[in-house]
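The values are calculated or read from the model by the stated rules, or taken from the named source; none is laboratory data. Quantities reported herein were computed from a predicted structural model and do not represent experimental measurements. Counting neighbours? That spans all protein chains shown, and the Cβs are built from the backbone with ideal geometry, glycine included. Quick note on the areas: whole protein, heavy atoms, side chains included, nothing else; ligands and nucleic acids left out. Shrake-Rupley method; radii C 1.70, N 1.55, O 1.52, S 1.80 Å.
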Amino acid sequence: MTEPAGFSQHTIQAFLAELASKSPAPGGGAAAPVCAAVASALANMVVAYSVGRKSLAEHQATHEAARDELFAAAKRFLALAERDATAYARLNELQRLDKADPRRADLPEALRQAVDAPLGVIRLCVEVLELGERLAPVSNPWLLSDMGIAAVLLEACARASRWNVEVNAKAMTDEGLPGSDAVREADDLLARAAALLPRVERACRAG
């Protein structure tokens, strides 16, 4: 099996070409966190235009901390994209084997990894949305439309990743493995994301 190249080293054009190719990975499970990395970078642009602004001087420490958090989040999203693509490529390979093939013993772990990656994306989307809610009221008002766009993308990426949790959790159940807990956690997290999005948008409009 050839593992996908590190997404942090791809050009956008190369990633899109790979995504569009007739290959099981990368797919939607990688596309969502790559989009979420873009959202994190966009939120960080808002922070960049807020750091050093005289009218926001009292929030300088908040902005500096947020800058580091958002850089880290973007890197984590790309790592999750690569992890998802690698996990799904491995899972696809194992599922194509004859049921008597001893290599299928690795299937439970492959399924767990295929669930864990998109679930991690949803968790991180919620974290960044929570950060966005804190930042919107204290950031450069001229950039708040960008913060709103970042929030919309993050909530959408969380919902998108839930599809991969669901389909791989079902495959776990089909193999006699517990998968319902992951779906419940995903739904709980999505409820938080759905509640956070309008709060961020209201804060952006108020600014």
Quiz prompt | Label zone at Trp142, where the point sits 7 Å out along the Cα-to-Cβ direction: segment 28-65 residues whose backbone N lies under 12 Å | solution = 49-50, 53-54
Practice problem: Normalising by the residue count of segment 67-207, find the relative contact order in percent from Cα pairs under 8 Å and 6+ residues apart. | Solution: 29
Quiz item: Over segment 81-145, what lengths in whole Å, largest first, do the semi-axes of the equivalent ellipsoid take, defined as the square roots of 5 times the eigenvalues of the alpha-carbon gyration tensor?
Solution: 41, 10, 6
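So which trypsin sites (Lys or Arg not before Pro) in segment 32-91 end up in coil per DSSP with only 15 or fewer other C-beta atoms within 10 Å?
Those that pass, being in a loop and sparsely packed, are Arg53.
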Quiz prompt | Apportionment of accessible area to carbon and sulfur, the chain, percent (1.4 Å) | solution = 56
Quiz prompt | For segment 54-149: relative contact order, % (alpha-carbon pairs under 8 angstrom, 6 or more apart) | solution = 35
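Per residue, how much accessible surface does the chain expose to a 1.4 Å probe? Answer in Å², no decimals.
Heavy-atom accessible area per residue stands at 52 Å².
Quote the convex hull volume per residue of the chain, based on C-alpha atoms, as a whole number of Å³.
Dividing the Cα hull volume of the chain by its residue count gives 109 Å³.
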Practice problem: Work out which helices of the chain, taken as complete DSSP H runs, extend at least 20 Å along their axis over the Cα atoms and score a mean Kyte-Doolittle of 0.0 or more, then list them. | Solution: 28-48, 107-135, 144-174
Quiz item: When you take every Cα atom in segment 1-85, what is the radius of gyration, and what is Dmax, the widest Cα pair distance, in Å?
Solution: 16.0, 55
Quiz item: What size of dipole, in debye to the nearest 20, comes out for segment 48-112 about its Cα centre when the only charges are +1 on Lys and Arg C-beta atoms and -1 on Asp and Glu C-beta atoms?
Solution: 100
Exercise. Treat each spin label as a single point 7 Å out from the Cα along the C-beta direction, and report the Gln60 to Gln95 distance in nm.
Key: 5.4
Self-check item: CD proxy at 222 nm, helix term only [per DSSP H run n ≥ 4: -39500 (n - 2.57); per residue of the chain; nearest 500]
Solution: -26500 deg cm²/dmol
Quiz item: Among Pro141, Pro24, Pro102, which one moves the most in a GNM of the chain with springs linking Cα atoms closer than 10 Å?
Solution: Pro102
